[in-house]
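Written out below as structure tokens is the structure these notes cover.
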């Protein structure tokens, strides 16, 4: 298969994964994100393709889909893979700030489900700071901010109860 076709197919698989996720078809989303990753990894190293950014997008999507499927360890692993890229290069990709932020939130959700409450709290607090620092605390994002605030409150209450 031609390199241009592999890239086109990878981009389509990512887009299809996002579409299926929005429709609530999380298994289908996982399949498409994994297909996109496999196609990306099949490209020769010398091909000009922003593989790290593309794969971070795939991992961000996987983290969200795995979380909705209750596969929290997989969600955590995928979020961490996305964050390895975003935490280093995210400022250079402002169009991916949403995926970066969602990866942080998904990391927090996964950690909470895995019983790692202090680290989960840290993830949600980091997301809250990102909303503020990037001026994302807008009316369009109120729902996300509310979810983050609610998780912070629940985790703080849980940790206080455990410490007593």
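The table that follows gives values for the structure above.
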read-out	value
Residue match in the range 92-109 (condition: touching a helix residue (DSSP H, G or I) at 6+ places or on another chain (Cβ under 7 Å), more than 22 Å from residue 149 (Cα to Cα) and outside any helix (DSSP H, G or I))	yes
Which numbered condition residue 115 fails, given (1) part of a helix (DSSP H, G or I); (2) over 30 Å from residue 50 (Cβ atoms); (3) free of Cβ contacts under 8 Å to residues at least 24 places away in the same chain	(1)
Filtered residues of the range 78-92 (kept if surrounded by fewer than 20 Cβ atoms within 10 Å (Cβ to Cβ) and more than 12 Å from residue 108 (Cα to Cα))	81, 84, 87, 88, 89, 91, 92
Selection within the range 60-77 - in contact with a helix residue (DSSP H, G or I) (Cβ under 7 Å, 6 or more places away or on another chain), buried (at least 16 other Cβ atoms within 10 Å of the Cβ) and within 14 Å of residue 113 (Cβ to Cβ)	63, 64, 66, 67, 68, 72, 74, 75, 76
Odd one out for residue 95 among (1) exposed (fewer than 14 other Cβ atoms within 10 Å of the Cβ); (2) within 12 Å of the chain's Cα centre (by Cα)	(2)
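Each reported figure results from applying straightforward, stated rules to the coordinates on display, with no laboratory input. These numbers come from a predicted model, not from an experiment. When we count neighbours, we look across all protein chains shown, and the Cβ atoms used for this are built from the backbone with ideal geometry, even at glycine.
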